[in-house]
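Just below is one structure, and these are the notes that go with it.
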Amino acid sequence: MSAATRLRIGVDVGGTFTDVVAVDADSFAIVAQLKVPTTHHAAEGVARGIIDGLRQLLGQLDAAPDDVVFIAHSTTQATNALLEGDVSRVGVIGAGRRGERWKARIDTRVPPVPLAPGKALQPLHVFVAIDDPVGAAAAAARAIETLRTAGTEVIVVSEAFAVDDPSVEEAIVEAARAAGLWATSGHEVSALYGLRTRTRTAVLNGAILPKMVGTATMTAQAVAQAGIRVPLMIMRSDGGVMTVEEVARRPIQTMLSGPAAGIAGALMHEQVSDGIFIEVGGTSADISVIRDGHPQMRPARVGGHRTFLNTLDVRTLAIAGGSMVRVQGSRLVDVGPRSAHIAGVGYACFAPPGAFAGPVQVVSVQPMSGDPADYVVLESEAGRFALTPTCAANAVGLVPETAFARADRETARAGFAVLGRAIGQDGDALAQAVLDAACAKVVTQVRALVEEYRLPPASVDLIGGGGGAAALVPRSGALMGVPWRLARQAEVISPVGVALAMVRDTIERNIVDPTPADVLRVRQEALEAAVRNGALAETVEVQVEVDARRNLVRAVAVGSAELRRGAAAERAVDDEARRIAAARSMQRSPEDVTCVARTTGLDIFTSDARPGVWWQPWRREASQLRVLDRGGVVRLQRQGAVVSTTTVAALDAELRALVTRLADFGDAGRSIPDVYVLVGARLVNLSGLADEGQMLGLAGVEVRAQAPDQPVVIVATARQP
């Protein structure tokens, strides 16, 4: 390997295999990939498999540990712990002062949280009055001892107004740790008002704290022992990464880390602008929406309860490449939810050639206790095999030749022929029916997302990732009549997403009528949080949103853990390719699309408004606008937008003029337009702010490092009601 090569390594820990990928840090090209068994039962846990994979990967590349400039891994451990009920016993110490005790006592008492069937998280609860500091300390000590005696492993401290003054929570947490217990607090997981929800979120955080910290620490130590000197990063639920130290504070942030890795891969490796991303494994498929190059987010719910944790909006279906066929009599009943992996059998399409030419017995099995006993398995001299959507897709000839799921078509057809003869059906027709039954579940969920997010149906693309993507995505796209494609190296899209991930942190504050100074303070907190999480300050960009109805200021900071050389972040395409990409996004002909403005890293394309058709003349189509980066990825799309070109020195005056021109006056008062400032390769989002002062203050901060004559493009639209 060249001495100048720098590697970004991504690791995805799955249920069966741990995938390890090395990406060139400057070209973003995949230079090596491998799979090793996930070591659930090793003394070091899954860390053993990670280290085995790292050593094999570096050996394969003849690379030194110092060549690694970034390393991160995704994990399903937090999600699985909650889904399976494998959590620590939690005790809650509620606290409150005179005048708030009654409500604080009620709101810090968390009812049982249902997890796995027959399992629930049932926190113990002790309340402490904190009017007198000396008496409060003694009462807290007694509460800690009471909970310890009852078998509590983790103490959660929650006090009514700790988001304003966390000193009480911090003191009790320190006392609990001094007593040898794990401890966390409400203000550590959220700075939002809402004692009940904040306490519940902290309880979930505490329930997975010991296991998550143990695994993360062991893995980080093993990485260091392998000679890799950069710190290990962990994938967050929002698609960013965090340090091991931050995992020790907020392990709940790693929920949905696995699906987040796949989406990050689609965004960075595939440069998806808009579409539905479907990551298909052997047991389940994760479906999510990407708009304007951003995944969609939503508040997480656990056991039916709301939390103060924002996660990617991922819809998980129990259908995948390895889902087993269910048959009753001569009728196909269903496909899934159990997979061949769970049943301990292979896929029929991957059976040795001729495996179904001799005697084959069709048997019905019950993969797990409580399952229906109608799952079909083929037993031959070559072994036991399940018929799956992967087998069906190969049998009907829909799996692309280069896809990971590609198998011998004739072997797949032979397997379905065996089942067809047993139940009196044509084998090829049966394969098509199995594939359609599986894909119908995907189509139903995709259509629900299209409706929920109000996506234009004509602009929906399906992008498939994961080893089983070719089993479901081509036919699902055909059933919907929409374009589809499989991601490059789809089988390792998750570890690629981890390798390319950015450091991310979100700060939320409840502030009534926030001033520009308040907004800038929250922005600075987010920037500092991202830096604490490992981002280099010079790479961090912050987006701020003000929700006046909820008195909420939210700042999202995103940055890189290492400086990038060259134009690695984008695969540049020529001007005409960008214009064609913009036209496709607008559903217009390329000749109807014009580049109206440009910065050093972004192009702004527009297409004029169009009149309605003759039988519906009132349905006029608004003018369209698309902002594309040099790689041809759509970063912003709007209708009826105003574009203004100016300079950094004149930005303030131009913004004031646009606000005057586009502001709306209604019952709620003056509503300023949504504004985006384009400077260099950056797209600064100033939409969602409450007033002109906040917008001008943020705009000034975002461009203060630029020269006064630096060109700036403003895109503004009247705010929609």
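Brief remarks follow.
- In region 56-78, residue surrounded by the fewest Cβ atoms within 10 Å (Cβ to Cβ) [restricted to those that are among the hydrophobic types (A, V, I, L, M, F, W, C) and part of a helix (DSSP H, G or I)]: LEU61
- Taken together, ALA417, ALA393 contain a single residue that is touching a Phe, Trp or Tyr at 6+ places or on another chain (Cβ under 9 Å) and surrounded by 17 or more Cβ atoms within 10 Å (Cβ to Cβ), which is ALA417.
- Within the span defined as region 458-474, every residue fails to be closer than 19 Å to PRO353 by Cα and buried (at least 24 other Cβ atoms within 10 Å of the Cβ).
- Pair list, Cβ under 6 Å, 6 or more apart: region 99-113 residue touching a residue at least 12 places away in the same chain (Cβ under 8 Å), other residue among the charged types (D, E, K, R): ASP107/ARG196; VAL110/ARG200
- Flag if ALA501 is within 30 Å of ALA448 (Cβ to Cβ), part of a loop (DSSP other than H, G, I, E, B) and within 21 Å of the chain's Cα centre (by Cα): yes
- Within region 79-92, at least one residue is surrounded by fewer than 18 Cβ atoms within 10 Å (Cβ to Cβ), modelled with pLDDT of 90 or more and in contact with a strand residue (DSSP E or B) (Cβ under 6 Å, 6 or more places away or on another chain).
- Among the residues making up region 320-331, those that are surrounded by 18 or more Cβ atoms within 10 Å (Cβ to Cβ) and touching a helix residue (DSSP H, G or I) at 6+ places or on another chain (Cβ under 8 Å) are ALA320, GLY321, GLY322, SER323, MET324, VAL325, VAL327.
- Hits in region 8-49 (condition: closer than 23 Å to SER284 by Cα and in a helix (DSSP H, G or I)): VAL46, GLY49
- Residue tally, condition polar (S, T, N, Q) and within 28 Å of the chain's Cα centre (by Cα), over region 87-133: 1
- Matching residues in region 201-226 - criterion: being under 15 Å from VAL302 (Cβ atoms), in contact with a helix residue (DSSP H, G or I) (Cβ under 7 Å, 6 or more places away or on another chain) and not hydrophobic (A, V, I, L, M, F, W, C): THR201, ASN205
- Highlighted here are the strands (runs of 3 or more DSSP E) found entirely within region 329-436 that include at least 1 residues which are at pLDDT below 90, under 23 Å from ALA478 (Cβ atoms) and in the same structural domain as LEU479 (by TED's automatic domain parsing): 331-339.
- Boolean, SER185 is out of contact with any His (no Cβ under 7 Å at 6 or more places or on another chain) and without any contact (Cβ under 8 Å) to a residue 40 or more places away in the chain: yes
- Test for SER364: is it of a type in the set (Ser, Thr, Tyr) and surrounded by fewer than 21 Cβ atoms within 10 Å (Cβ to Cβ): yes
- Whichever residue in region 103-120 is modelled with pLDDT of 90 or more and either in a loop (DSSP other than H, G, I, E, B) or of a type in the set (A, V, I, L, M, F, W, C) (or both) and, among such residues, is surrounded by the most Cβ atoms within 10 Å (Cβ to Cβ): THR108
- In region 165-206, the residues that are out of contact with any strand residue (DSSP E or B) (no Cβ under 7 Å at 6 or more places or on another chain) and more than 26 Å from ARG236 (Cβ to Cβ): ASP165, SER167, ALA171, GLU174, ALA175, ALA178, ALA179, GLY180
- Flag if VAL442 is under 33 Å from the mean Cα position of the chain (by Cα) and either over 21 Å from GLY346 (Cβ atoms) or part of a helix (DSSP H, G or I) (or both): yes
- Of residues in region 396-414 being surrounded by 22 or more Cβ atoms within 10 Å (Cβ to Cβ) and of a type in the set (Val, Ile, Thr), the one nearest to the chain's Cα centre (by Cα): VAL399
- One residue stands out in region 146-168 among those that are modelled with pLDDT of 95 or more and within 27 Å of ASN510 (Cβ to Cβ): the one that is surrounded by the fewest Cβ atoms within 10 Å (Cβ to Cβ), namely VAL154.
- Some residue of region 573-581 being over 18 Å from ARG291 (Cα atoms), modelled with pLDDT under 95 and part of a loop (DSSP other than H, G, I, E, B): yes
- Exclusive hit being touching a Leu at 6+ places or on another chain (Cβ under 7 Å), of a type outside the set (Asp, Glu) and on the phi < 0 side of the Ramachandran plot, set VAL642, VAL648: VAL642
- Residue in region 597-639 that is modelled with the highest pLDDT, counting only those that are more than 24 Å from LEU662 (Cβ to Cβ) and of a type in the set (A, V, I, L, M): VAL633
The values are calculated or read from the model by the stated rules, or taken from the named source; none is laboratory data. For clarity, every value in this text was computed on a predicted model and none was experimentally measured. Using ideal geometry, Cβ is built from the backbone for each residue, glycine included, and neighbour counts are taken over all protein chains shown.
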